[in-house]
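Below is one structure, written out as structure tokens, with a few remarks after it.
The values are calculated or read from the model by the stated rules, or taken from the named source; none is laboratory data. Here the structure is a predicted model, which is why all the values come from computation and not from measurement. Here Cβ is always computed from backbone atoms with ideal geometry, including for glycine, and neighbour counts include all displayed protein chains. With ligands, DNA and RNA removed, areas are computed over all heavy atoms of the protein, side chains included. Shrake-Rupley method; radii C 1.70, N 1.55, O 1.52, S 1.80 Å.
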Amino acid sequence: MNQDDASASPTYAGPERILSGVQTSGALHLGNYLGALVKFVRLQDQAECLFFLADLHAITAWQDPELMVPQMRQIAAAYIASGVDPKKAIIFPQSAVHEHAELAWIFNCVARVGWLERMTQFKDKTGKDREGASVGLYDYPVLQAADILLYKATHVPVGEDQKQHLELTRDIAQKFNNDFSAPGFFPLVEPVIEGPGARVMSLRDGLSKMSKSDPSDQSRINLLDDADAIAQKIRRAKTDPEPLPETVEDLKGRPEANNLVGIYAALAGTAKAQVLAEFGGKGFGIFKPALAELTVHKIAPIGEEMRRLMNEPAEMDRILLAGVEKAQSIAAPILAETKRLVGFWSPKRNA
Ligand code: ADP
Ligand code: TRP
């Protein structure tokens, strides 16, 4: 990690800390894996890491209460099956650490309505039905800021779609620090977004994001898809008739080709230029089988391991409970200090 990044807040002097979360609202796909999970695994050796299950965020849209726990365990299983090591990283359900909701309330009183009005994800998710959306969905980015700053996290690995929420987190940190005369109290977080996996597109349309809300299952590769399903989806992925170009520059205007080359590069841990050095000039008849083989090789074992873990709820719960305790031991003193800065009474306060 670039050590200079953590100094984005000139006076923040705390340790580097990495944090991210994924909503527990449905099955994960290749976009979540490449945009988030792969980075979790890479970063877990670089600083203290917290990776939580965002179940408070999930309920901003209706969730069947019976499915809440299985869905949460499924995302935890996806983290671990992808290579997040619970001995290195702290894994926990957001709702089990009540400090998240408490800090979110304080931040509700720091963030401005004008800031939330600019959030494009809320507009995209609600479309014409703004009036019918939950207040929680509107307030979603403020809770996200609380998730991050509750641990004074300095780096947040996410996909590109989360960039605006991280900018809001920086605005909230800065305004809090100013309003309460506490320079450097909250760090200004750095997003970790780079790389060819930051924005994986639909297999059916290279101009729209791969997403769990796309009605076509053919548009995405789910982490729980078996080898046959994965290979078949790649074989059927939309392409154009031209062979692959020799340079990244020439992928412009060819969104589907660009997406498949990006997926290959992200899965192989290399750059698009490298992929084109090997496949430039070759047709999709050659490239697609190679991509299918690589994707099956990387993704199918994750699905298998997820299934094994989901059948071991007691083992999962032990990991989550240990995570909750560790998370809370970091969060509680930071929230207590935040409340002191705001001026709330506390039994421990001596003045
Ligand atoms: P979705 O957008 O499918 O509902 P989430 O909002 O739960 O997924 O996102 C979880 C993580 O995965 C976030 O870090 C998000 O930025 C990332 N992510 C989601 N979709 C993609 C994508 N198509 N490409 C890259 N990263 C993505
Ligand atoms: N909003 C993120 C998403 O949709 C999930 C999330 C919630 C998150 N809180 C976070 C990501 C804090 C990073 C840090 O994917």
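Would a scan of region 150-168 turn up a residue that is part of a helix (DSSP H, G or I), in contact with a His (Cβ under 8 Å, 6 or more places away or on another chain) and either touching a residue at least 24 places away in the same chain (Cβ under 8 Å) or within 11 Å of ligand 2 (Cβ to nearest atom) (or both)? No: zero hits. Checking the condition among the basic types (Lys, Arg), buried (at least 21 other Cβ atoms within 10 Å of the Cβ) and on the phi < 0 side of the Ramachandran plot, which residue from ARG220, ARG254 passes? Step by step, each of ARG220, ARG254 is checked, and only ARG220 is among the basic types (Lys, Arg), buried (at least 21 other Cβ atoms within 10 Å of the Cβ) and on the phi < 0 side of the Ramachandran plot.
Of all residues in region 75-96, none satisfies being within 17 Å of ARG170 (Cβ to Cβ), buried (at least 18 other Cβ atoms within 10 Å of the Cβ), in the same structural domain as VAL342 (by TED's automatic domain parsing) and in contact (Cβ under 8 Å) with a residue 24 or more places away in the chain. Against the numbered list (1) polar (S, T, N, Q); (2) within 14 Å of ligand 2 (Cβ to nearest atom); (3) open to solvent by 10 Å² or more (accessible area, probe 1.4 Å), SER134 comes up short only at (2). Residues that are buried (at least 20 other Cβ atoms within 10 Å of the Cβ), within 13 Å of ligand 1 (Cβ to nearest atom) and not small (Gly, Ala, Ser) do not occur anywhere in region 98-107. Hey, among the residues in region 272-289 that are crowded, with 16+ Cβ neighbours inside 10 Å and aliphatic (A, V, I, L, M), which one's nearest to ASP228 (Cα to Cα)? Result: VAL275. Taking the stated definitions as given, is ALA27 assigned to a helix (DSSP H, G or I), away from ligand 2 (no atom under 11 Å from the Cβ) and touching a strand residue (DSSP E or B) at 6+ places or on another chain (Cβ under 9 Å)? So ALA27 fails the test.
For region 173-194, the criterion of being open to solvent by 60 Å² or more (accessible area, probe 1.4 Å), touching a helix residue (DSSP H, G or I) at 6+ places or on another chain (Cβ under 8 Å), within 16 Å of ligand 2 (Cβ to nearest atom) and not aliphatic (A, V, I, L, M) is satisfied by no residue at all.
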